[in-house]
Amino acid sequence: MLPKQYLLLSLAEHGSALLEHRNHGGPATLYIRYLNIDGRWAVHGSLHAPLLVWDMSQASSAQAAAQTASKARGRAVQVMTRSDSSWEEGRQIRVFSTSNGAALLGHVAQGEAKARRLRLETEKLEAYCTVVRAATAAEDHAAFAAISRAAATALHAKFGGGSVSASSSWLAGKKGRAALDSVLAGEVELTGPLSIQQVVETVEHAKEAERHRASS
């Protein structure tokens, strides 16, 4: 049985999505951001910030919402069709109602402390992913040792300490998952050279490595 299709709003000229597509290529659909209930542009929905959707029979309502959002934000917002077998209404997605009208006009402002925390956690996410990807690509023990020394020096300078193994453990743990969820939910943007897809892949690799380490 095919998953149900929904209508969603997307920002046609989302800066990070365009940059990722330019730098990493592949289908443009990999980088699309959709509007969530907080008025942010997200890769996917979460329990605390599901994506806003319209039923396929509500095309005129979705188009009107896109026009409202475009006018309020001064940027082109378009209606797109998407389906996902993992979606569950009330969790990853929420059917639009008048109570969600503010999301069309702009995003919910974050407190200063939360914004700082999200930025720091995202910097760690990107740095640790870069370290783990470099270590995974090492061709031999000598190359791995050199990468480990360089990573330790860089992480100590930026965060006061760290290593390849500690980076992997952080990515696979609760803090790493929370940081990734914040990026996917559109609460904070990546600023480094890695795409969201590369970060997701690296976190999955770290989780698999931690599972293997725990079972050995």
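Tabulated values for the structure
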{"read-out": "Criterion violated by residue 162 - all others in (1) on the phi > 0 side of the Ramachandran plot; (2) open to solvent by 70 Å² or more (accessible area, probe 1.4 Å) satisfied", "value": "(2)"}
{"read-out": "Unmet requirement for residue 194, which otherwise passes all of (1) open to solvent by 50 Å² or more (accessible area, probe 1.4 Å); (2) of a type outside the set (Phe, Trp, Tyr); (3) outside any helix (DSSP H, G or I)", "value": "(1)"}
{"read-out": "Which listed residue is of a type in the set (A, V, I, L, M, F, W, C), open to solvent by 40 Å² or more (accessible area, probe 1.4 Å) and farther than 30 Å from residue 61 by Cβ, from 179, 142, 109, 138", "value": "142"}
{"read-out": "Condition met for residue 153 (surrounded by fewer than 17 Cβ atoms within 10 Å (Cβ to Cβ) and part of a loop (DSSP other than H, G, I, E, B))", "value": "no"}
{"read-out": "Candidates 184, 190, 194 - the one that is over 9 Å from the mean Cα position of the chain (by Cα) and in contact (Cβ under 8 Å) with a residue 12 or more places away in the chain", "value": "194"}
{"read-out": "Of residues in the range 74-91 being open to solvent by less than 60 Å² (accessible area, probe 1.4 Å) and either of a type in the set (S, T, N, Q) or free of Cβ contacts under 8 Å to residues at least 60 places away in the same chain (or both), the one nearest to residue 34 (Cα to Cα)", "value": "83"}
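The values are calculated or read from the model by the stated rules, or taken from the named source; none is laboratory data. All of these numbers come straight from a predicted model, not from anything done at the bench. Note that each Cβ is placed from the backbone with ideal geometry, even for glycine, and that neighbours are counted across all protein chains shown. Accessible surface is based on the protein model in full, side chains and every heavy atom, while ligands, DNA and RNA are left aside. Shrake-Rupley method; radii C 1.70, N 1.55, O 1.52, S 1.80 Å.
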